[in-house]
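Enquirer: I'd like to ask some things about the structure below.
None of the figures in this text is laboratory data; all of them are computed from the coordinates on show. The structure displayed is predicted, hence computed values, not measured ones. As a convention, Cβ positions derive from the backbone with ideal geometry for all residues, glycine included, and neighbour counts pool all protein chains shown.
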Amino acid sequence: MFLIIFFAGGHNITSLQDQYVTVAKRYGRIAYCLIPSNIYLILRPQSSTSYLNSLNLHKWTSRFIILCSLIHTVGFLVHWKEEKALSHAFYLLNFLGVAAFTFLFILAFVSLYWVRRFNYLFFYLFHNFTSILMIVLITFHARPGVTPTFIITALFLVYFLYLRFWNVYKVDDIKIIEGKNSKLQIIKIPIFFNWSPGSHIRINYSYSFWECWLGPTHPFSIANNQEDNLNQITLIMRKTNFKFDPTFSYLLSKPYVSIEKPFFNNVEIVNIIVGGSGISFGLPIYNHLKNTNTRVKLIWATRSKNDLFINKHLDMKGVEVYTTKIDDDAAPEEVFKIGEDESEGDGLLDDDANDEEIEMESLNNKKAKGDKEEFVLGRPNLDEVFASDIGVDNDGIDGDKCWVLACGPPSLVKDAKNWSKSHGFNFFNEKYEM
Ligand SMILES: Cc1cc2nc3c(=O)[nH]c(=O)nc-3n(C[C@H](O)[C@H](O)[C@H](O)COP(=O)(O)OP(=O)(O)OC[C@H]3O[C@@H](n4cnc5c(N)ncnc54)[C@H](O)[C@@H]3O)c2cc1C
């Protein structure tokens, strides 16, 4: 993409000093022409690529739009300065462009990782406001006009609104299961549709809430498998600002593929490692592959033993559980094996590190009491956990068929990625954030 943009901007330019205004004009148009494809990417085209791929492409296209707009704006400012006509920037049609660029420039900062993390809602609202502003203002600012591009953009936007508000399921009768002192919740939603393992849905508030119209929708992986035939989906959710209320209705999108379908027909060894709520991504893939000829292993690292209430509500057979903390109120009769490393995680599970302890009502404490659970105390050592049972030795197996999948805190994902690199495995990770 970079090369196409670079050469389109510089085509037939022999002297930048003499022709920089032409270059500036071109980059202005290129920026606007990239908008339809950028909106197409947020429609999350199902057939062509996975959610993460289109999200990454969307981010890169946005960066190019900002870069091209910057070249366009700087080019014209330099030109007007040389002509001693800086006041041209304030002519109405020019000023529309200056205004759009100013917001775009601020958006570049608002989109920085730490700002997004600090206040995702603000990022989301500012991002959408700036995008709409740019689409509208530049339609008037650009000379000659850009009407065809505007029409394509508008059509994509209409389709986006259709997907978000119309092509959704209204769901109610939602069941919430909480574990005592756990930051995880199980959400059961009665619904019937087809999905492949590892897919996620997006949840929105119902129409009477302002968040439905303006706020972001909330993606959650489907933790159970279609093969279960339960006519319901199960989510495993880490408690954040977004909370389900069982008395409310919600809007639920169609499922989106995270890991592309050919993967499931073309794997021989799969090592999956997930942390905390990342179990919702790993578990359905694991349970699906268990029933095939694939050698598959799932390691779930969780910060608190209290999260193990999940085991009683989902098919966790064969999953190796590691926990770094046995809480004071852990039932003393529960069985555990001591792992080699008993130290608290060095950030392995640091997604929970800043969480406050919240007292919660246990809905299933009685049932859990006395049940035997097996887990290892400490952090998983990748060489050991991936080596045993299914083996790290992938000799004789096509390298393309050996995978490591990861989902969880960045340090866990990084360790898994390094491990897969050093053992010649392919690597995929699901990110539970923007
Ligand atoms: C593909 C995918 C699957 C996910 N599956 C699960 C799951 O199974 N279980 C689970 O507990 N969590 C999952 N998440 C994360 C979950 O969607 C967010 O934690 C939740 O939306 C946060 O809502 P909030 O209002 O509390 O966020 P805020 O407190 O406003 O933001 C917290 C952080 O959550 C992330 N986030 C918030 N909204 C979105 C959004 N619309 N898209 C992407 N990231 C967002 C951002 O990184 C943000 O900084 C998943 C995320 C993605 C992208």
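Enquirer: Rounded if a/c is under 1.5, else prolate if a/b is larger than b/c, else oblate: which is the chain, with a ≥ b ≥ c the root eigenvalues of its Cα gyration tensor?
Expert: Values: a/c = 2.30, a/b = 1.86, b/c = 1.23.
Judged from the Cα gyration tensor, the chain comes out prolate (a/c at least 1.5, a/b above b/c).
Enquirer: Okay, moving on. Of 300, 114, 213, which is the most mobile in a GNM of the chain whose springs link Cα atoms less than 10 angstrom apart?
Expert: 114
Enquirer: Contact order normalised by length for the stretch 104-245, with contacts defined as Cα pairs under 8 Å and 6 or more residues apart; what percent is it?
Expert: 19
Enquirer: Take the chain, connect every pair of alpha-carbon atoms lying under 10 Å apart with a spring to form a Gaussian network, then pick out the residue of 254, 84, 317 with the largest mean-square fluctuation.
Expert: Of the options given, 84 has the highest mean-square fluctuation.
Enquirer: Which of 378, 123, 165 sits farthest toward the positive end of the charge dipole of the chain, with +1 on the Cβ of Lys and Arg and -1 on the Cβ of Asp and Glu?
Expert: Going by the Cα projections, it comes out as 165.
Enquirer: Between 174, 190, 218, whose Cα lies farthest towards the positive end of the dipole of the stretch 169-252 when Lys and Arg beta carbons carry +1 and Asp and Glu beta carbons carry -1, centred on the Cα centre?
Expert: So the residue furthest toward the plus end is 218.
Enquirer: Given axes a ≥ b ≥ c from the Cα gyration tensor, I'd like to know whether the stretch 169-252 is rounded (a/c under 1.5), prolate (a/b larger than b/c) or oblate.
Expert: In terms of gyration-tensor shape, oblate.
Enquirer: Next question, about the same structure. Within straight cross-link reach of residue 175, meaning Cα distance under 21 Å, which lysines are found once same-chain residues fewer than 8 apart are removed?
Expert: Output for residue 175: 183, 188, 239, 243, 254, 312, 366, 367.
Enquirer: Would you mind checking which residues have amide H under 5 Å from residue 296's amide H? H placed 1.01 Å from N; only 5 or more apart, or other chain.
Expert: Hits under the 5 Å cutoff: 270.
Enquirer: Further, regarding this structure: Name the long-range amide H neighbours of residue 427: under 5 Å, sequence gap of 5 or more, or other chain; modelled H, no Pro or chain starts.
Expert: For residue 427, the qualifying residues are 404.
Enquirer: Counting only DSSP beta bridges with both residues in the chain, what percent are antiparallel, rounded to the nearest 5? Intermediate results must be reported in sequence, preceding the final value.
Expert: On the way: 22 of 48 bridges.
Within the chain, antiparallel bridges account for around 45 percent of the total.
Enquirer: Separate question: Can you give the charge dipole size of the chain about its Cα centre, rounded to the nearest 20 debye, using +1 on the beta carbon of Lys and Arg and -1 on the beta carbon of Asp and Glu?
Expert: Working: 42 positive and 46 negative charges, 448 e Å.
So the dipole magnitude of the chain works out to roughly 2160 debye.
Enquirer: Can you work out ³J(HN,Hα) from phi for every residue in the stretch 172-182, in order, using Karplus 6.51 cos²θ - 1.76 cosθ + 1.60 and θ = phi - 60°, giving whole Hz and x for Gly and Pro?
Expert: 9, 6, 7, 9, 10, 10, 10, x, 4, 6, 9
Enquirer: A follow-up question, please. Give me 270, 319, 115 sorted ascending by neighbouring Cβ count inside 10 Å, so fewest comes first. Let's see the in-between values first.
Expert: Details: 270 26, 319 22, 115 14.
With the sparsest Cβ surroundings first, the list reads 115, 319, 270.
Enquirer: A further question on this structure: Taking the Cα centre of the chain as the origin and placing charges on Cβ (Lys, Arg +1; Asp, Glu -1), which of 294, 206, 244 is farthest toward the positive end of the dipole?
Expert: 206
Enquirer: Moving to a separate point now. Counting only helical runs of four or more DSSP H residues, what would the 222 nm mean residue ellipticity of the chain come to if each run contributes -39,500 (n - 2.57) and the total is spread over all its residues?
Expert: Here the helix-only value at 222 nm equals -13000 deg cm²/dmol.
Enquirer: With +1 on each Lys and Arg Cβ and -1 on each Asp and Glu Cβ, how big is the dipole of the stretch 2-166 about its Cα centre, in debye rounded to the nearest 20?
Expert: Computed about the Cα centre, the dipole is about 320 debye.
Enquirer: Tell me which trypsin sites (Lys or Arg not before Pro) from the stretch 207-298 have a DSSP coil assignment and no more than 16 other beta carbons within 10 Å of their own. Provide the component values of the computation, followed by the final result.
Expert: Details: sites: 238, 239, 243, 290, 295, 297; in loops: 239, 243.
In loop regions of the stretch 207-298 (DSSP not H, G, I, E or B), the sparsely surrounded trypsin sites (Lys or Arg not before Pro) are 239, 243.
Enquirer: Roughly how many debye, to the nearest 20, is the charge dipole of the stretch 169-252 about its Cα centre, given +1 on each Lys and Arg Cβ, -1 on each Asp and Glu Cβ, and no other charges?
Expert: 300
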